[in-house]
Amino acid sequence: MFNPSREQVRRFFCDAWQKYQARLPLAGAEVTAADIAARHPEYHTLLADAGAAVTQEWMPEGGQMNPFLHLSLHLAIHEQVSIDQPHGIRAAFERLRQRMDPHDAEHILLECLGETIWQAQRNGGPMDAAAYVDAVQRKASLI
């Protein structure tokens, strides 16, 4: 998936979750997606109904977090850590993971990644990978 549509992303997570629930074989990124979904019981009902998931809207103005954005950021973080891109992210994650539950550590990366993406969008430029890694390292040093 290099440039999937919103619907494709949502169906991907729903399909992976439904396969996981049915104990069907998972392939490639489905394995990681199902694992991430399993760690988010608050999304299980949503993931079980792909038809509703595809059309539902979440509004940040109302304090709502888009579950598919959250799951997608987890997936991105998993990939980043596995290949150490941006460079230094794996070491920063490992520092956090030594001090806390791995899922909680992922949430710190998720928060920093979300902020970095938001800054890039706001400024109309590319994501500042060094600032992202630096933010994670700062948080790791505070915990």
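The values are calculated or read from the model by the stated rules, or taken from the named source; none is laboratory data. Since the structure is predicted, the reported quantities are computational estimates derived from the model, not experimental observations. Cβ placement follows ideal geometry from the backbone for every residue including glycine, while neighbour counts extend to all protein chains displayed. Accessible surface areas use protein heavy atoms only, side chains included; no ligands, DNA or RNA. Shrake-Rupley method; radii C 1.70, N 1.55, O 1.52, S 1.80 Å.
Overview of values
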quantity: Selection within segment 116-143 - aromatic (F, W, Y) and either touching a Ser or Thr at 6+ places or on another chain (Cβ under 7 Å) or under 18 Å from R95 (Cβ atoms) (or both); calculated: Y132
quantity: Matching entry among G63, G88 (being open to solvent by less than 40 Å² (accessible area, probe 1.4 Å) and of a type in the set (G, A, S)); calculated: G88
quantity: Which listed residue, of Q119, Q80, is surrounded by 13 or more Cβ atoms within 10 Å (Cβ to Cβ) and modelled with pLDDT of 95 or more; calculated: Q80
